[in-house]
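The values are calculated or read from the model by the stated rules, or taken from the named source; none is laboratory data. Computed from a predicted model, the values in this text were never measured in an experiment. As a convention, Cβ positions derive from the backbone with ideal geometry for all residues, glycine included, and neighbour counts pool all protein chains shown. Ligands, DNA and RNA are stripped out before the accessible areas are found, and what is left, the full protein with its side chains, is counted by its heavy atoms. Shrake-Rupley method; radii C 1.70, N 1.55, O 1.52, S 1.80 Å.
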Amino acid sequence: MVAESVLATRATSWSEAVSQEVDAILVASELGKLIGALVRKGYAVIGPTLRDGAIVYDQLESVQDLPAGWTDEQAPGHYRLKRREDGAIFGYVVGPQSWKKYLHPAEVRLWSAERQGGTFRILNNEVKPKAPQAFLGVRACELAAIAVQDRVLLEDKYHDPIYGARRAGAFLIAVECTQSAPTCFCRSMGTGPAVAGEAKPPVDLVLTELLGPKGHRFLVRARSERGAEILDEVKTTPVTDADLHEAETGVEKAASQQVRSIDNAGIKELLYQNFDHPRWDNVAARCLTCANCTMVCPTCFCTTVEDTSDVTGDHAERWRKWDSCFTQSFSYIHGGSVRTSGKARYRQWMTHKLAAWIDQFGSSGCVGCGRCITWCPVGIDITEEVRALREGAGHGKP
Ligand code: SF4
Ligand code: SF4
């Protein structure tokens with residue numbers, strides 16, 4: 001329970017205190033109990049863990065699965081894990097995966113059927129996860145990306161029931177960034193590194209990791225009734241002005257570390273008016289059309305549908321899989337592909353992301369997470385490409 005001095009002045013429990021924006025301190029050793037409380041409520045807790053030389057998202061069995069004492073080193077086309085000495089649990093930035101892995105999965109079986117006599121019987125094809133999911137460690141830019149996918153997949157003319165079923169039960173625990181990678185530019189996109197009080201989508205809990213002289217702790221804020229209920233299950237202490245200052249300083253440090261940015265003034269017009277800019281040839285000479293940028297992007301949502309059957313023809317399935325505007329088949333229509341060159345495909349991706357997306361969905365399709373820069377094998381940098389278009393760089397030059 002929250003220390004009595006806080007509750008006595010404001011409310012009698014976290015559940016009642018939440019509407020009053022009460023903050024508190026959770027010592028790091030209590031984080032395992034918070035995970036346990038979520039598990040007891042029936043959630044599958046998904047969070048960061050180490051695998052294959054990267055920090056990825058996976059189901060957590062215990063607090064030991066979290067990447068304590070690890071950080072990531074990122075640059076265009078470069079990602080390495082490194083040890084850190086302070087034991088920070090969320091002392092990394094963002095890895096190759098985003099929460100779309102769980103909300104908008106890379107592969108989903110839409111249906112399966114089997115032949116019975118002279119007809120087909122459609123089998124039970126439940127696409128909901130077995131348990132509601134709690135996402136631990138959602139960064140501010142990732143929250144913004146979930147809001148973008150909510151807009152695209154739930155709030156438009158067509159409602160995606162697969163995304164909707166996963167999204168409906170998701171419990172969101174945001175963690176504010178206290179460091180940025182050189183590839184981050186959320187500050188210029190207005191999406192981070194702080195988790196705004198009116199964060200969209202709404203979150204249940206917000207954590208800020210503190211590693212100062214008072215030890216390894218978290219500033220924790222409940223932003224929903226169910227977030228408050230989870231906090232009722234762990235031991236917290238009152239927050240002090242010094243704690244709030246430490247948290248604010250950490251997030252400000254992350255913002256000040258950002259060396260990349262996009263100037264969004266008139267960006268839609270910039271893209272629409274530069275369809276024939278020579279810079280597209282320049283980027284096409286480097287782009288491998290590998291589609292990595294779209295796979296790692298937390299907002300890209302395009303899919304294709306594949307039908308399969310076994311050799312007997314008795315069993316058939318239809319799968320939905322992530323697709324990418326970087327593949328030639330993506331723009332295939334009767335008679336051939338519309339975008340046959342790498343130049344056309346890169347231009348399509350960036351123009352959709354930063355311009356047409358605004359017309360379609362009312363916001364940029366980029367949240368400034370920097371993944372497409374880090375995971376591009378040749379280090380193509382969307383911020384640099386915007387700058388080059390804006391400054392006229394690349395005109396007639398390789
Ligand atoms: S921009 Fe980079 S990541 Fe994207 S398709 Fe081209 S080479 Fe691959
Ligand atoms: S375009 Fe790049 S920086 Fe922007 S959201 Fe996608 S992966 Fe992140």
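Quick notes
- Residues with amide H under 5 Å from that of ARG51, placed H, sequence gap 5 or more: VAL56
- Taking all protein chains into account, the per residue accessible area for the chain stands at 45 Å² (1.4 Å probe).
- Here the accessible area is traced with a 1.4 Å probe on the protein chains. For region 290-398, carbon and sulfur cover 54 percent of it.
- Our note on the geometry: Cα centres of region 144-181 and region 90-125, 17 Å apart.
- When a 1.4 Å probe is rolled over the protein heavy atoms, the share of accessible surface on region 94-189 that falls to carbon and sulfur comes to 51 percent.
- Computed lengthening from LYS128 to ALA106, 0.36 nm per intervening residue step minus Cα-Cα distance: 6.5 nm
- When the trypsin sites (Lys or Arg not before Pro) in region 75-176 are filtered for DSSP coil states and for at most 13 other beta-carbon atoms within 10 Å of their beta-carbon, the remaining sites are LYS130, LYS157.
- What separates the Cα centres of region 29-65 and region 336-398 is a distance of 35 Å.
- Distance distribution note for region 278-398: the fraction of Cα pairs above 22 angstrom is 42%.
- Mean separation of Cα contacts under 8 Å, 6 or more apart, over the residue count of region 89-226: relative contact order %: 23
- Within region 197-277, chymotrypsin sites (Phe, Trp or Tyr not before Pro) in DSSP loop having at most 11 other beta-carbon neighbours inside 10 Å: PHE275
- Tail weight of P(r) past 21 Å, computed on alpha-carbon pairs of region 67-194, percent: 54
- Nearby lysines by direct alpha-carbon distance to LYS82 (threshold 26 angstrom, same-chain neighbours under 8 apart not counted): LYS100, LYS101, LYS214, LYS253
- Three-way shape label, region 316-375, alpha-carbon gyration tensor, a/c 1.5: prolate
- Each helix, a run of at least 4 DSSP H residues, gives -39500 (n - 2.57); summed and divided by the residues of the chain, these come to -8000 deg cm²/dmol at 222 nm.
- Candidate aspartates and glutamates for bridging to LYS200, where Cα separation is under 19 Å - those fewer than 8 sequence places away on the same chain excluded: GLU21, GLU142, ASP150, GLU155, ASP156, GLU176, GLU225
- For ARG260, the shell of other residues with beta-carbons less than 10 Å away shows a net charge of 0, using +1 for Lys and Arg and -1 for Asp and Glu.
- Of the DSSP H helices in the chain, those with a Cα length along their own long axis of 15 Å or more and a mean Kyte-Doolittle hydropathy reaching -0.5 comprise 140-153.
- What the Cβ-Cβ distance of GLU85 and SER256 gives, at R0 = 30 Å and to the nearest 0.05, is a FRET efficiency of 0.85.
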